[in-house]
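Before any comments, here is the structure.
The values are calculated or read from the model by the stated rules, or taken from the named source; none is laboratory data. Note that the structure is a prediction, hence the values are computed from the model and not measured. Note that we place each Cβ from the backbone using ideal geometry, even for glycine, and neighbour counts take in every protein chain shown. Areas reflect the complete protein model, heavy atoms only, side chains present, ligands, DNA and RNA absent. Shrake-Rupley method; radii C 1.70, N 1.55, O 1.52, S 1.80 Å.
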Amino acid sequence: MDLYQQKIMDHYLHPRHQGKIGKPTKKFTGENISCGDKVDFEVVLDSRGKIKQVGWQGSGCTISQAAASILADEMIGKTIKQVQSISSDKFLQDLEVELSPARQKCALLPLYTVKEEELG
Amino acid sequence: MTQIKDNNIKNDFPIFKQAKVKKRPLVYLDSAATSQKPHSVINAVSDWYERFNANIHRGVYELSETATKKYELSRQVIANFINSPSSRQVVFTRGTTEGINLVAEAWARKNLRAGDAILLTTMEHHANLVPWQELAQRKRLKLKFLEFDNQGELILANLAKQLMGVKLVSLVYVSNVLGTINPVKKIINICHQKKIPVLIDAAQAAPHLPIDVKKLDCDWLVFSGHKMLGPTGIGVLYGKRERFEEMDVYQTGGDMIRNVTLTKSTYATYPQKFEAGTQALAEVVGLAEAVIYLQAIGMERVSSHDQKLVTYAYQQMKKIKAVEIYGPQTIKRSGSIAFNVQGIHAHDLATFLADRGICIRAGHHCAQPLHEKLGIPASARVSFYIYNDKRDVDLFISALQAIIKEWESIKARNT
Ligand SMILES: Cc1ncc(COP(=O)(O)O)c(C=O)c1O
């Protein structure tokens, strides 16, 4: 039996960029009210507006937490605008896991947090 | 060890023949959310449209008269089911939620004054919390709460004192999360000594326990058809005569009037007074058929089957070290078991079980304050009904064990 594919489990068990960072330029906080999953992101920008450091904290299911780690990886070197323009479809592909519509919400919480949009 | 008799009840429910999950038979352990429907109920609904459909109460032609008869006969079936003194005390609603909103609007809004208090419990479904918050805000009422202990049982030691200033008590009969069967009769007695009326949310009780409103002496009792083998969109509000007489109108319009002029109207008496507009006719007939099905089995047997399954599942789950169960011992429990597995989030667990064809629910089950009290963001819940059998429990338990094992080994491989 499979639980989740390797990439998700790897990021869940070995989260990248987890924790607080010093003097963040900007903060994002998000919560999925319907299930209680939470994530916060902090970023430091370089002189050209690119993310040079990111730190996240959160609690919740495997999917939301692994997705935060995967997103954090993707954020480095991008401007906030560039991160915000990542499409849901593209990000879901990046997770390399098949998800039912209900669980896609868990997966998209980190991205929507940085997009500063409500999860519909 | 409890004996769970095999039965053929599953055969009465077409969904178990039709629905396959990933080529596996359906293991449905989410009846607290909504129940499956037997043939007889499905047929009653389609029969309505094929043979009886006409609007009730106004027609003089035969089809409409038959439709009216069937509708009012259904009311009588429900009245008998809950031992209501008269069928007039049975009002059809869209469900538990609407029943509670109806009492809040038509009774509480009229009869409570600023500063009055309403007593609820901290284990309520949002349906028995949010309408009262809304009313409290508009009328400047106070909300008070009975707490539950770490066994998931209501703490009644200080009830008499807590009733100071309380003008209405509204509480859940059976918790949809903890499964606790609350001692509602005892609570009603104490409240009535102080002349405080009591509304009972029987959404999870009506499917599983024999209900006798005369014995309970409750002022109102509400439940939903869809949790007890009936259609969605139909429910029941029972009320005492005195309470119904104290009530304002709820929704207004057709069917609930006596006489209408351009400037003023007079209203019909209950139950019509609370049934404005064309009702969910096919659903009413479907609900009556569900009740007839349950009565043929007998509510005592429904309840003991339930008790045996819950006990068996509870015992099997207790044997798994990583499982934490919330709520009381099985003897004081009906229908459902909420739990968590250490280290695996409830949503992940529900997904892993779904992959094996096992339907359970994960989340806050519309009881966020209850989960806050338990100090957990979410729980997983299995719930049972008459069509479940020992095999369903065994499949669930072995899937649960396999998932935990797999999870542990993935963790071991990745560290
Ligand atoms: C205890 C309890 N009260 C109220 C409700 C609301 O019922 P409905 O959604 O059918 O109105 C439910 C359903 O989940 C419930 O379990």
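Quick notes
- Note on segment A:87-98: residues that are surrounded by 17 or more Cβ atoms within 10 Å (Cβ to Cβ) and within 14 Å of another protein chain (Cβ to nearest Cβ) amount to 2.
- Flag if B:Ala322 is out of contact with any Ser or Thr (no Cβ under 6 Å at 6 or more places or on another chain), open to solvent by 20 Å² or more (accessible area, probe 1.4 Å), among the hydrophobic types (A, V, I, L, M, F, W, C) and within 14 Å of another protein chain (Cβ to nearest Cβ): no
- Whichever residue in segment B:347-402 is hydroxyl-bearing (Ser, Thr, Tyr) and more than 12 Å from every other protein chain (Cβ to nearest Cβ) and, among such residues, is farthest from A:Glu31 (Cα to Cα): B:Tyr387
- Taking the criterion of being open to solvent by 40 Å² or more (accessible area, probe 1.4 Å) and either among the aliphatic types (A, V, I, L, M) or free of Cβ contacts under 8 Å to residues at least 12 places away in the same chain (or both), the residues of segment B:178-220 that qualify are B:Ile181, B:Ile190, B:Gln193, B:Lys195.
- Of B:Leu73, B:Leu119, all but one fail to be on the phi < 0 side of the Ramachandran plot, modelled with pLDDT of 95 or more and open to solvent by less than 40 Å² (accessible area, probe 1.4 Å); the exception is B:Leu119.
- Filtered residues of segment A:71-86 (kept if within 12 Å of A:Val39 (Cβ to Cβ) and out of contact with any Pro (no Cβ under 7 Å at 6 or more places or on another chain)): A:Ala72
- Selected residue (criterion: farthest from the other protein chains (Cβ to nearest Cβ)) from residues of segment B:131-153 that are within 16 Å of the ligand (Cβ to nearest atom) and open to solvent by 70 Å² or more (accessible area, probe 1.4 Å): B:Phe145
- Only helices (runs of 4 or more DSSP H) whose full extent lies in segment B:158-242 are considered here, and the ones with at least 2 residues that are away from the ligand (no atom under 16 Å from the Cβ) and under 24 Å from B:Gly115 (Cα atoms) are B:159-162, B:184-193.
- Yes/no for A:Pro101 being open to solvent by 70 Å² or more (accessible area, probe 1.4 Å) and free of Cβ contacts under 8 Å to residues at least 40 places away in the same chain: yes
- A count restricted to segment B:97-116 and to residues that are in a helix (DSSP H, G or I) and open to solvent by 10 Å² or more (accessible area, probe 1.4 Å) stands at 8.
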